[in-house]
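The values are calculated or read from the model by the stated rules, or taken from the named source; none is laboratory data. Owing to the predicted nature of the structure, the values given are computational and were not obtained by experimental measurement. Positions of Cβ are backbone-derived with ideal geometry, glycine not excepted, and every protein chain shown enters the neighbour counts. Protein only, heavy atoms only, side chains kept; ligands, DNA and RNA dropped before computing areas. Shrake-Rupley method; radii C 1.70, N 1.55, O 1.52, S 1.80 Å.
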Amino acid sequence: MPMSSQVSSQLPPPLGRDTALFLDFDGTLVALAPTPEAVEVPPALVALLENLRDQLGGALAVVSGRQIDAIDRFLAPLRLPAAGEHGVQRRDSKGRMQEQHAPDLVPILEIANELARVHEGLLVERKHAAIALHYRLAPQLEAVCRDAMSRAIAGRPQLELLHGKFVFEVKPTGINKGIAIEAFMNEPPFAGRMPVFAGDDTTDESGFAVVQPRGGIGIKVGSGPSLALHRLESPRAVYEWLVQLRDQLAAPEHKKDENPRSAG
């Protein structure tokens, strides 16, 4: 599938109640911040997501590189179906949690911590089954971070290195957001619906690669090459699109089949 890099690519089409909606968090629902804990959730976002979840019969999930407990904290009191750490963790619509076994990450953590000790501006994030090294505050250290983390996983095929926006992350091999979305699509209330996934980063490409061949819609947020056939410019544009979707789903034409008027 060809990669497109145009921000002005086609906007997402109107969606119906048969949609299964998957949303990345950082850079998609919320704007990126200097540190992971500094992101700001728009005041009306939680209520908006709750409305959409109800309109879609529960078929709305957050698919993120963050841990699920962090997603819950930012979206409290809302607890959506979610995939965390790119699919290492997954909570289904009934609240049941599945979590992959965590590999031995102590050597990776030691290398990342030492790098952060020597170079100001680096931030190490320890997750359940991954180590993320953030360099947003020191972008000039990209090559240094890449080299160090690449050496850290050398000879360890069970681990792989992900490069996201100003972050290098070591995680278990063979786990990605696309696999997590597929798992959701094999169970209710997502099964049988048209999958739609919005994400902003290279780590979201596996999700686009899953939803589009299934007749679904991939939405790239921001600039950069992507498999996604649709674009939104920013998290603000995502928010406005979700508001439009909520209003479309609340329109009378979306309700007439649910509440048919008796003839006569």
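For Thr202 and Leu78 in one chain, what is 0.36 nm times their gap in residues minus the Cα-Cα distance, to one decimal in nm?
Taking Thr202 through Leu78 to full extension adds about 41.9 nm, to one decimal.
Near Thr19, the amide H atoms lying under 5 Å from its own belong to Met194; only residues 5 or more places off or on other chains count, and H is placed 1.01 Å from N.
Using the alpha-carbon atoms, what tilt in degrees (0 to 90, nearest 10) does helix 106-118 show relative to the longest principal axis of the chain? The helix 106-118 is inclined about 70 degrees to the chain. Among the lysines of the chain, pairs at least eight places apart or on separate chains and with Cα atoms under 17 Å apart come to 5. Here the accessible area is traced with a 1.4 Å probe on the protein chains. For the chain, carbon and sulfur cover 52 percent of it. I want to verify a result. In a Gaussian network model of the chain, Cα cutoff 10 Å, which of these has the top mean-square fluctuation: Ile181, Ile131, Ile111? For the chain, modelled as a Gaussian network with Cα springs under 10 Å, the answer is Ile111. Using 1/(1 + (r/R0)^6) with R0 = 45 angstrom and r between the beta carbons of Ala47 and Ala154, what's the FRET efficiency to the nearest 0.05? Taking R0 as 45 Å, the efficiency between Ala47 and Ala154 is 0.40. For Ala59, the shell of other residues with beta-carbons less than 10 Å away shows a net charge of +2, using +1 for Lys and Arg and -1 for Asp and Glu.
Taking a quarter of the surface of the Cα convex hull of segment 143-264 gives a mean projected area of 10.4 nm².
When Lys and Arg each count +1 and Asp and Glu each count -1, what net charge do the other residues less than 15 Å away from Pro103, Cβ to Cβ, add up to? Net charge in that neighbourhood comes out at -2. For His119, no residue whose modelled amide H falls within less than 5 Å of its own remains once neighbours fewer than 5 places apart on the same chain are excluded. Shown is the FRET efficiency for Ile179 and Asp147, computed with R0 = 22 Å from the Cβ-Cβ distance and rounded to the nearest 0.05: 0.20. For segment 10-16, 3J(HN,Hα) computed residue by residue from phi via the Karplus equation (6.51, -1.76, 1.60; θ = phi - 60°) reads 3, 6, x, x, x, 10, x Hz, glycine and proline entered as x.
Considering the chain, its Cα convex hull presents a mean projected area of 15.3 nm². Which of rounded, prolate, oblate describes segment 79-123, given a ≥ b ≥ c as roots of the alpha-carbon gyration tensor eigenvalues and a/c under 1.5 marking rounded, otherwise prolate only if a/b is larger than b/c? Because a/c hits 1.5 or more and a/b fails to exceed b/c, segment 79-123 counts as oblate. In the full protein context, the chain carries 47 Å² of accessible surface per residue, based on a 1.4 Å probe and ignoring ligands, DNA and RNA. Every pair of different Cα atoms in segment 171-234 enters the Kirkwood calculation, which places the hydrodynamic radius at 12.0 Å. Quick one: Cα centre-to-centre distance for segment 125-174 and segment 95-117, in angstrom? If you average the Cα positions of each part, the centres end up 10 Å apart.
In a Debye calculation with equal point scatterers on the alpha-carbon sites of segment 20-98 and no solvent, what is log10 I(q)/I(0) at q = 0.20 Å⁻¹? For the requested q values the scattering log ratios are -0.85. If the chain linking His119 and Ala38 were pulled fully straight, counting 0.36 nm for each residue of separation and taking away their Cα-Cα distance, it would gain 27.1 nm.
Here the average projected area of the convex hull drawn through the C-alpha atoms of segment 51-145 stands at 7.5 nm². Extending 7 Å from the Cα toward the beta-carbon at both Ala250 and Leu109 defines two label points whose distance is 4.6 nm. Of the peptides 117-124, 231-238, the ranking by mean beta-carbon count within 10 Å, highest at the top, reads 231-238, 117-124.
Couplings 3J(HN,Hα) for segment 58-73, derived from phi with the Karplus relation 6.51 cos²θ - 1.76 cosθ + 1.60 (θ = phi - 60°), are x, 8, 9, 9, 8, 10, 9, x, 6, 6, 5, 5, 5, 4, 4, 5 Hz, where x marks Gly and Pro.
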